[in-house]
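Worksheet: the structure to be examined is printed underneath.
The values are calculated or read from the model by the stated rules, or taken from the named source; none is laboratory data. Given the structure is predicted, the values throughout are model-derived calculations rather than measurements. Note that we place each Cβ from the backbone using ideal geometry, even for glycine, and neighbour counts take in every protein chain shown. The accessibility values were calculated without ligands, DNA or RNA, using every heavy atom of the protein model including side chains. Shrake-Rupley method; radii C 1.70, N 1.55, O 1.52, S 1.80 Å.
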Amino acid sequence: MAVLRVLAAHRPPLCFVEGGENGSQPIFSGYLIDLLPTLLIQANLQLAYNLTAYNGSGGKLQADGIWSGVMGQLTGGHTDLALFPLTLTSERAQYIKATPPYMDDGYGILVKTRRMDSAYSFLLPFTGVTWAVLMGALLATMLLLTLLDSVTRNARLRAFERLHGAQHTSKKRRDGKAMNHAIEAIMMAVGNGAAPTSRSWAVKIVYIAWAVFCVIMLAAYTANLTANMTVSQLGVSYKSLQDLARSSMPFGVPADSSIAAYFYNSTDQAACMLLPLMVSPCMDMTCGSIS
């Protein structure tokens, strides 16, 4: 009985090829593996078949007129049938026969992202300028509270001395509260503030304004931090080849594929702009500057 030579490539979910290391026999499974016996029965072919694992590309027509990849295996007579998800271009259709398409799949643009999960993630909600402005506002508020408290305290002290004499003024009454105001301003900035200890209405008004400002900034910080922690990857969105061309980023495509042939042979303006940026195609997309 004739034996049908069949190439099977690991292309989930169409075909799975597991094992095969160190000369062991690979295990084949998947949709195409299950479909093959049914096709032979419907074609009334009483043939045994021998599956061989294949890990190459679809192939392209080289300058010497010989096909590479799975196309070369078929046209060179090295195999009779290939279980391979191949894009049937007009050029390939001149050399092989293929089943009607039963699965439509498109190409997408994959971009390497940069994860921001680090010890400094808590700084991401605000820019450096915003953090500098906040620190400046904190220092200015501390100085203003201290200055207002000092002025009003001295005014009350002079009035007290006029009524009761300087000998009745305690050291505690004379001392300022710069440290107290610094602590109060910082505690309000982190959302744990309390009413100021100063009896000055000027101090209380400034403190209320600072408290309102802190509530607004804390709400903005919390919202932005939640968004950054939810989406911990920052990337660039490409919706078209024009977007990729405008970015001037190097890119790669699968070797010997229909998409590679498109960029090499297309007269489309976007493809022509992108061709100088394309690195050498490779099988696993880990070569060159796109790894």
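Condition check ((1) of a type in the set (A, V, I, L, M, F, W, C); (2) part of a loop (DSSP other than H, G, I, E, B); (3) at pLDDT below 80) across all residues:
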{"site": "Val212", "(1), (2), (3)": "yes, no, no"}
{"site": "Ser237", "(1), (2), (3)": "no, yes, yes"}
{"site": "Gln242", "(1), (2), (3)": "no, no, no"}
{"site": "Tyr262", "(1), (2), (3)": "no, no, yes"}
{"site": "Ala271", "(1), (2), (3)": "yes, no, no"}
{"site": "Ser289", "(1), (2), (3)": "no, no, yes"}
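Just one residue in the set Thr79, Thr52 is of a type in the set (S, T, N, Q) and either within 39 Å of the chain's Cα centre (by Cα) or open to solvent by 40 Å² or more (accessible area, probe 1.4 Å) (or both); that residue is Thr52.
Restricting attention to the range 141-153, the residues that are open to solvent by 60 Å² or more (accessible area, probe 1.4 Å) and without any contact (Cβ under 8 Å) to a residue 60 or more places away in the chain total 3. Within the group Ser57, Ser24, Ser68, Ser29, which residue is without any contact (Cβ under 8 Å) to a residue 12 or more places away in the chain and open to solvent by less than 80 Å² (accessible area, probe 1.4 Å)? Checking each option against the conditions leaves just Ser24.
Taking the range 112-152 as the search range and keeping residues that are hydroxyl-bearing (Ser, Thr, Tyr), at pLDDT 80 or above and out of contact with any helix residue (DSSP H, G or I) (no Cβ under 6 Å at 6 or more places or on another chain), which one is nearest to Trp210 (Cα to Cα)? Only one residue tops the list, namely Thr130.
Any residue at all in the range 225-232 that is modelled with pLDDT of 75 or more, within 27 Å of Leu123 (Cβ to Cβ) and surrounded by 12 or more Cβ atoms within 10 Å (Cβ to Cβ)? Scanning the range 225-232, I find at least one residue that is modelled with pLDDT of 75 or more, within 27 Å of Leu123 (Cβ to Cβ) and surrounded by 12 or more Cβ atoms within 10 Å (Cβ to Cβ), so the answer is yes. Every condition in (1) modelled with pLDDT under 85; (2) open to solvent by 30 Å² or more (accessible area, probe 1.4 Å) holds for Pro196 except the one numbered (2).
Going by the structure shown, is Thr38 under 30 Å from Ala261 (Cα atoms), among the hydroxyl-bearing types (Ser, Thr, Tyr), without any contact (Cβ under 8 Å) to a residue 60 or more places away in the chain and not in a loop (DSSP other than H, G, I, E, B)?
Criteria not met by Thr38.
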